[in-house]
Amino acid sequence: MNVQFLSNEKGEKTAAVIPIEYWNKIKQQLEIEAPDFWGDLPEHVKDGIQRSQKQFLAGETKSNDEVMEKYKKYL
């Protein structure tokens with residue numbers, strides 16, 4: 001297989017380019033092993049996921065340490 005790698009300015013590999021026929025095989029395998037479950041989720045769960053994605057894209061995130069510090073009293 002002819003694989004090409006893309007790298008950043010530090011020389012670290014950041015992406016791989018593979019032939020389309022291999023990509024199609026990988027994609028097909030993923031669809032078999034991980035069927036789309038979005039349609040089966042309740043609306044309130046979908047809303048929560050979409051809300052959290054928007055928060056992430058807006059940079060409204062907290063580190064694991066911050067969250068653990070806040071909720072350690074419940075553990």
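The values are calculated or read from the model by the stated rules, or taken from the named source; none is laboratory data. All figures in this text were calculated on a predicted structure; none of them were measured in a lab. As a convention, Cβ positions derive from the backbone with ideal geometry for all residues, glycine included, and neighbour counts pool all protein chains shown. When the accessible area is computed, the model is the full protein with side chains, heavy atoms only, and any ligands, DNA or RNA have been set aside. Shrake-Rupley method; radii C 1.70, N 1.55, O 1.52, S 1.80 Å.
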Item to complete: Kindly list, by first and then second residue, each pair from a residue in region 61-74 that is closer than 22 Å to ARG51 by Cβ to a residue that is open to solvent by less than 100 Å² (accessible area, probe 1.4 Å), limited to pairs with Cβ atoms under 9 Å and residues at least 6 apart or on different chains.
Response: THR61/GLN55
Worksheet entry | Positions within region 38-49 being part of a helix (DSSP H, G or I) and surrounded by 10 or more Cβ atoms within 10 Å (Cβ to Cβ), in sequence order | VAL45, LYS46, ASP47, GLY48, ILE49
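State whether the residues of region 56-71 include one that is farther than 30 Å from MET1 by Cα, part of a helix (DSSP H, G or I), aliphatic (A, V, I, L, M) and open to solvent by 80 Å² or more (accessible area, probe 1.4 Å).
Step one: filter region 56-71 for residues farther than 30 Å from MET1 by Cα, giving 56-71.
Adding the requirement that they be part of a helix (DSSP H, G or I) leaves 56-57, 64-71.
Applying the additional criterion that residues be aliphatic (A, V, I, L, M) yields 57, 67-68.
Those still in the list that are open to solvent by 80 Å² or more (accessible area, probe 1.4 Å) too: 57, 68.
The answer is yes; a qualifying residue exists.
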Worksheet item: When you go through (1) part of a helix (DSSP H, G or I); (2) open to solvent by less than 80 Å² (accessible area, probe 1.4 Å); (3) not polar (S, T, N, Q) one by one for ALA15, which number turns out not to apply?
Response: (1)
Worksheet entry | From the options ILE32, ILE26, residue that is loosely packed, with under 10 Cβ neighbours inside 10 Å, within 19 Å of the chain's Cα centre (by Cα) and outside any strand (DSSP E or B) | ILE32
Response to the item:
Only one of (1) open to solvent by less than 100 Å² (accessible area, probe 1.4 Å); (2) outside any helix (DSSP H, G or I) does not apply to PHE5, and that is (1)
